[in-house]
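Single-structure report; data block below.
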Amino acid sequence: MTAPAIGVLALQGDVREHVAALTGAGARAVPVRRPGELAAVDGLVIPGGESTTISKLATAFGLLEPLRERVRAGLPVYGSCAGMIMLADKILDPRSGQETVGGIDMIVRRNAFGRQNESFEAAVEVAGVPGGPVQGVFIRAPWVESIGAAAESIAAYEGHSVAVRQGPLLATAFHPELTGDHRVHALFADMVRAAR
Amino acid sequence: MVLSHTFSSSEVNSVSSASSSAPQTPETGTARVKRGMAEQLKGGVIMDVVTPEQAKIAEDAGAVAVMALERVPADIRKDGGVARMSDPDMIDGIVEAVSIPVMAKSRIGHLVEAQVLQALGVDYIDESEVLTPADEVNHTDKWAFTTPFVCGATNLGEALRRIAEGAAMIRSKGEAGTGNVVEAVRHLRRIKGDIGRLRALDNNELFAAAKELRAPYELVREVAGLGRLPVVLFSAGGVATPADAALMRQLGAEGVFVGSGIFKSGDPATRAAAIVKATTFYDDPKVVADVSRGLGEAMVGINIDTLPEAERYAERGW
């Protein structure tokens, strides 16, 4: 069996780091900017970046509806930071015209941990990721304000959920792609293989 | 040269401290958090704004960040006089108006302006040649700050000196406020060309190369290995059209600063959105053509060779 193709939504954000992390985890990573490219992948990563920008570009280039359709049809998707926001069914105080793909039954608060001066690193235990805590890099990071019955919180920091799983969907408020530790991406690659 | 502060991004990216012996208390202001912030801006456009209303227009157009200024570079050129850090109330107003990151400029070497900007809670500080330099010898020690810094560079040696001082992001200087992209092209090509030449050297030659570049050897060796800077590289200075932005990305910029080009044009909201789209689809001429229609008037440009030397900002800093 050939390695599954995992797309990285390449509209804006730290695409290169996710491609490197997926490759490091043994997956085949391809950039996705157009509906045709989205149709060809077995899984998708929505990278860190600016969630308002990614949302506006996805809408402008006709990707939002195809993304929603594929998520409804069971496409495995992993979102970090801005990607977590994109996967939330609801965001608190969205900017005008800010749409999400949705799929995870949760409400996310943007920039919840504060501005850049409050951005931080801390060790975080993630359920389903073996080998000890991962180094959580939180950059103007969101947190999960509330979570529905269908979703499961798999990591918490100071009482706030910072990683969530719901079926083939995975989201983290932090950036494992910036650490050189590929365990979270390996977990996602396993989810993609399992869904094939 | 502050060698004791240099380190390689392989150390930054190391997992050794991550799994077993990671500190339980949160660490702010780490190199990974500062550089990582710039990684999140990649593929995006950072726009100069002078009012909260402009900041909202920029955010609605899809900007990844705004640069809060009192005057755009085109007006700094026109008005003359000493250009300083913006008024704190004005920065507060812009911070309140948008949810995207807000950057602000300090004068080169003006430690206190940088301290004030950090105290105001801006997300990134641009130690900028567009403002009047405060120190003719020293740039700010950027390691001393929690807030990350972006600095301008015209060549690789200059970029690495800024990184050695703690810059977490580099931009070309360009010639701000001219609407003329020629200097940004020169700086980007120079930086990429310098990196290409390093790649061809063997280990014995890197020591002499570091001396020629007037940059720390550890950083020179790291760049030779990576084939790129260890921090994010943006273009700045003179971008006025979607095609300008796409050009800078094709030349290797990971994103684009747009200064006077947007709010000195006929239809800022439309032009801003067009530049955002062209920056993402920089390698697709059909998209760039599409978004280039119906933009109204671009800012009036200035030819660099008509600029007196004292008015060339790119020559400030070293």
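Any read-out appearing in this document is the output of simple, stated calculations on the displayed coordinates, not a laboratory observation. Note that this is a predicted model, so its numbers are computed, not measured. Positions of Cβ are backbone-derived with ideal geometry, glycine not excepted, and every protein chain shown enters the neighbour counts.
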A:Ile107 versus B:Met90, label points 7 Å from Cα toward the beta carbon: distance in nm?
-> 3.9
Charged-residue dipole, Cβ positions (Lys, Arg, Asp, Glu), the protein assembly as shown about Cα centre, Debye nearest 20 = 1180
Pair-distance profile P(r), taking every C-alpha pair of segment A:51-196, with 5 angstrom steps and integer % = 2, 10, 20, 24, 21, 15, 6, 2, 0
Segment A:23-64: translational diffusion in µm²/s, Stokes-Einstein, Kirkwood Rh over Cα pairs, 20 °C, 1.002 mPa s = 185
Relative contact order (%) - criterion: Cα under 8 Å, at least six apart; region: chain A | 21
Using a Gaussian network model of chain B whose springs link C-alpha atoms within less than 10 Å, name the residue from B:Lys211, B:Lys277, B:Lys173 with the highest mean-square fluctuation.
-> B:Lys211
Those GluC sites (Glu not before Pro) in segment B:258-318 that DSSP places in a loop and that have at most 10 other beta carbons within 10 Å | B:Glu297
In segment A:1-143, with Lys and Arg counted as +1 and Asp and Glu as -1 at Cβ, which of these residues, A:Pro130, A:Met86, A:Thr2, has the Cα nearest the positive end of the dipole, that is, farthest along it?
-> A:Met86
Normalising by the residue count of segment B:165-318, find the relative contact order in percent from Cα pairs under 8 Å and 6+ residues apart.
-> 28
Counting residues in segment A:1-114 as N, plug N into 2.2 N^0.38 Å and put the Cα Rg over that result.
-> 1.01
Calculate, in nm to one decimal, what A:Ser96 and A:Arg115 gain on full extension: separation in residues at 0.36 nm each, minus their alpha carbon distance.
-> 4.8 nm
Helix B:268-280: angle to the longest alpha-carbon principal axis of chain B, degrees 0 to 90, nearest 10?
-> 40
At q = 0.09, 0.12 Å⁻¹, work out log10 I(q)/I(0) for the protein assembly as shown with the Debye formula, treating every Cα as an identical point scatterer and leaving solvent out; two decimals please.
-> -0.59, -1.08
If you put +1 on each Lys and Arg Cβ and -1 on each Asp and Glu Cβ, how big is the dipole of chain B around its Cα centre, in Debye rounded to 20?
-> 800
Find how much the distance from B:Val112 to B:Asn138 grows on full extension, using 0.36 nm per residue of separation minus their present alpha carbon separation; answer in nm with one decimal.
-> 8.0 nm
Could you work out which residue, out of B:Pro73, B:Pro88, B:Pro133, moves most in a Gaussian network model of chain B, that is, has the largest mean-square fluctuation with Cα springs under 10 Å?
-> B:Pro88
Residue-averaged 222 nm ellipticity for chain B, from DSSP H runs of 4+ at -39500 (n - 2.57), nearest 500 = -12000 deg cm²/dmol
The summed charge of the A:Ala127 Cβ neighbourhood (under 12 Å; Lys/Arg +1, Asp/Glu -1) stands at -1
At 0.36 nm per residue, minus the direct Cα-Cα distance, what do B:Phe207 and B:Lys286 gain on full extension? Give it in nm, one decimal, please.
-> 23.9 nm
Summed over the other residues with a beta carbon less than 13 angstrom from that of A:Pro35, with K and R at +1 and D and E at -1, the charge totals +1
Treat the count of other C-beta atoms within 10 Å as a stand-in for reagent exposure and order B:Ser292, B:Ser128 from fewest to most.
-> B:Ser292, B:Ser128
If you take the Cα Rg of segment B:122-274 and divide it by 2.2 N^0.38 Å, with N the number of residues, what do you get?
-> 1.08
Quick one: which residues, 5+ away or cross-chain, put their amide H under 5 Å from the amide H of A:Gly43? H built at 1.01 Å from N.
-> A:Gly7
Note to self: C-alpha centroids of segment A:117-148 and segment B:96-121 sit apart, in Å, by 27
Given the options B:Asp305, B:Asp87, B:Asp48, state which has the largest fluctuation in a GNM of chain B using a 10 Å cut-off (strictly under) for Cα springs.
-> B:Asp305
May I ask you to derive the relative contact order of chain B, considering only C-alpha pairs under 8 Å and at least 6 residues apart, and to give it as an integer percent?
-> 19
